[in-house]
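The values are calculated or read from the model by the stated rules, or taken from the named source; none is laboratory data. Predicted model, so just to flag it, every value in this text is computed and none were measured. Positions of Cβ are generated from backbone atoms using ideal geometry, with glycine treated the same way; all protein chains shown enter the neighbour counts. Surface accessibility is based on the protein's heavy atoms, side chains included, excluding ligands, DNA and RNA. Shrake-Rupley method; radii C 1.70, N 1.55, O 1.52, S 1.80 Å.
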Amino acid sequence: MSTTVVLPGPRRIWLEVKQGVVIDASNSSVAVVTQGRDQTQIIGGTAILRPGHISSEVVSIQKVWIRQADGQESAHDLSDFPVDLRPGHSLALVYGAAEGVEEGEFFAARNMTTGKHNFDKSIHCDRLRPFGLYLPPKFHRKLMKLGLIIGATVGFLLSLFNGLDMEYVFGGLIVGFLISLPVMLVQGAIKQVQGQRLVPELNRHALDLMLSTSQPGTGSNPNV
């Protein structure tokens, strides 16, 4: 059963907890290699291609299988919010999304046996979109369209006083487009910052929900 929380805005977000016994857990590390863009330099009149800088990082992957109280088993990837656990421990996972979005996303975990918990620290940009904390759908397209409409309207009004000269209309379209670009960038940046600042509040609600809905004894093992 989902719980609805309200963040400033107001933004209504539904959250659910999936809890079960850890039946299998694995940790592994993978080296990820990335290469930057190639660059062309002119040296002595000759174009020389310089390969992009190659960098690598080690990414930890944590996967877990849990068995819920009804016997259903499911696998989960905790790589973005790992917690120390082993078979026999009780694990609670929180997932959710903005009201109206059917498919939620996991972003928090708590080992109910040890009390350790963690949140998805990479929950930013597009990962915030399901929670309504990122830019709304077609945000840039709508602002650009609005700029074109306003510019065309102003251009048409000016053309009425200049013998319906269509150059004013086309000029208005161009001016409206140019004006919409900085407005779009500034508003987009503001909305992203506002959404990012609400993440700690979302995490607090998630932790409270994990604690309040935890099932005593679920997955607890006196021998672990």
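Helix 139-160 and the long axis of the chain differ in direction by around 20°, with both axes built from C-alpha atoms. Bridging of Lys63 to lysines at a Cα separation below 24 Å is possible for Lys18, Lys116, Lys121, once same-chain residues fewer than 8 apart are set aside. Residue ranking by accessible heavy-atom surface, 1.4 Å probe, largest first, among Leu157, Leu78, Leu49, Leu85 comes out as Leu49, Leu157, Leu85, Leu78.
With contacts taken as Cα pairs under 8 Å at a separation of at least 6 residues, the chain carries a relative contact order of 20 percent. Our helix-only sum for the chain, with -39,500 (n - 2.57) per DSSP H run of n ≥ 4 divided by its residues, gives a mean residue ellipticity at 222 nm of -11000 deg cm²/dmol. Highest mobility in the GNM of the chain, judged by mean-square fluctuation with C-alpha springs under 10 Å and restricted to Ile54, Ile43, Ile23, is found for Ile43.
Prolate is the label for the range 87-159. Its Cα gyration tensor axes, ordered a ≥ b ≥ c, give a/c of at least 1.5 and a/b above b/c. Would you please state the base-10 log of I(q)/I(0) at q = 0.16 1/Å for the chain, with intensities from the Debye formula using one equal scatterer on every alpha carbon? Normalising to I(0) and taking log10 leaves -1.08.
Between Phe156 and Ile61, the modelled labels are 5.7 nm apart [label points 7 Å from Cα along Cα→Cβ]. Annotation: per residue accessible area for the chain equals 63 Å², rounded to a whole number [probe 1.4 Å, protein chains only]. With the highest mean first, a sort of the peptides 190-198, 66-74 on other beta-carbon atoms found within 10 angstrom per residue produces 190-198, 66-74. Seen against the Cα atoms of the chain and their longest principal axis, helix 199-213 is set at about 30 degrees. In this Cβ point-charge picture (+1 for Lys and Arg, -1 for Asp and Glu), the range 125-210 has a dipole of about 340 debye about its Cα centre. By the rule of a C-alpha distance below 26 Å, with chain neighbours fewer than 8 residues away ignored, the lysines paired with Lys142 are Lys191. The angle between the Cα long axis of helix 166-197 and the main principal axis of the chain comes to about 20°, on a 0 to 90 degree scale.
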